[in-house]
1. Solvent-accessible area of R240, probe 1.4 Å, all protein chains present, reported in Å² to the nearest ten, please.
2. What number does the range 265-339 give for Rg over Rh if you use C-alpha atoms and the Kirkwood radius?
3. As a test question: what accessible area, to the nearest 10 Å², does C42 have when a 1.4 Å probe is rolled over all protein chains in place?
4. Using heavy-atom solvent-accessible surface (probe 1.4 Å) with all chains present, what is the largest-first order of H183, H366?
5. Could you work out the local net charge near S20, counting Lys and Arg as +1, Asp and Glu as -1, over the other residues with Cβ closer than 9 Å to its Cβ?
6. Take every DSSP beta bridge whose two residues both sit in the range 1-122, then give the antiparallel share in percent to the nearest 5.
7. For the range 204-317, what number results from the quotient of the Cα radius of gyration and 2.2 N^0.38 Å?
8. Taking all protein chains together and a probe of 1.4 Å, list E85, E304, E232 from the most accessible to the least accessible.
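The values are calculated or read from the model by the stated rules, or taken from the named source; none is laboratory data. The structure displayed is predicted, hence computed values, not measured ones. With ideal geometry, Cβ positions are generated from the backbone for all residues, glycine too; neighbour counts draw on all protein chains shown. All accessible areas refer to the heavy atoms of the entire protein, side chains included, with ligands and DNA or RNA removed. Shrake-Rupley method; radii C 1.70, N 1.55, O 1.52, S 1.80 Å.
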Amino acid sequence: MNIQSINKAGQPLTVKVGVSHARTPEAAVREASMGFATHATCFVLVFVPDHLEPAAVAQEIASILPSTTVFGCSTAGQITTLGYEDDALMMIAFPRRHFRCSSTLIKPLRRASIERTAAQARMLASRFPHTANWKRVALVFADGLSKQEDLLVAALNAGLGDVPVFGGSAGHGLAFDETFVLHEGEAHSDAALLLLLETDLCFRALGFDHFLPTAKRMVVTRAIPEERLVLEINGAPAAREYARYVGCQVSELSPKVFAENPVLVRNGKSWHVRAIQQVADNDGLWFLSAIDDGLVLTLGQGTEILETLETGLDIRCSKGNNPDFILGFDCYLRRLEIEQNDLVEDASDILCKHRVFGFNTYGEQHLGVHVNQTFVGVAFYPPTGDLLF
């Protein structure tokens, strides 16, 4: 079903996108990859829905597309040719004419050091010959339950120098049980995939959320940083104090409350969301980003999410052209808020209008920082030559 090579404006897309809602890995891979010109394909990105087993999908891809280089991850939702979906296997074929790539798998992720990871990234870049006048961008897909993305993205940023790094943490619906990245025909947990791209297309980064800081501030007074677990805020049990700030009972805390009342951390002139995953035992709070004793948290207040989505995706290049497509990594908490406010159809229309393809994440990586409740993406602009497929 659904190989899309023409966008709504009638212009050819650089990439080809295949989508399948089949319930078995074999049927889904065959349907989503139907029509791919494998001889003209540099690599394929695959985003796996939670009803399909990533290892089985990887095995079927190796069988059905044996000569094709494939990367990807499990997801908490997909952004397809129809907008937001949660049961779609999506495959995106990137053409040789405009892309080159090299990759490495960082595993085990939980025992990785900044120095070793930075060195691995430098080695990957040094062994990937430059093409004259082509530009580089790095994509990273990480185990979304590893709790290592903050260290990972800092290390990659150090190792790759001036190459911008973007990506998303793999998910598994809202189960929070296990997540996987796909590399060399296998599904890996406790791992991160680093994909170094080279392209002759112009591209631009984007990253935005829809929150403003309020005057309500709190301090982390007891935490277990390596677990991203906050035990106390302002000297009181963390969940109780947070609930007091947002005006509810601990028993009422839920993903909806966390999505609509995030806490922000200031970094220079910028604010980054530190999303809360769930309530822990003894009224602690599990977070999705780095946390530490003494960290000042500011309660965030949401603005109009559809308006910020439209504005954030409306990025034209210096010549005034709209993106040919946007590779997008959108936090599952943003999607959850959109669903709870019955805005999925409107949000999907905006995503389709701007030709966004990607997935819902357990966290986002943006220019050297791991963030939450943020839309991160890379906009690729139309090629100057003819259609490549």
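1. Using a 1.4 Å probe on the heavy atoms, I get roughly 140 Å².
2. Numbers: Rg = 16.6 Å, Rh = 15.6 Å.
Result for the range 265-339 is an Rg/Rh of 1.06.
3. Accessible area, nearest 10 Å²: 20 Å².
4. Numbers: H183 15, H366 45 Å².
Largest to smallest exposure gives the sequence H366, H183.
5. Working: positive: R30; negative: E31.
Result for the neighbourhood of S20: 0.
6. Values: 16 of 21 bridges.
Beta bridges within the range 1-122, antiparallel portion: roughly 75 percent.
7. Details: Rg = 14.9 Å, N = 114, 2.2 N^0.38 = 13.3 Å.
Normalised by 2.2 N^0.38 Å, the Cα Rg of the range 204-317 equals 1.12.
8. Values: E85 25, E304 90, E232 55 Å².
Solvent-accessible surface, decreasing: E304, E232, E85.
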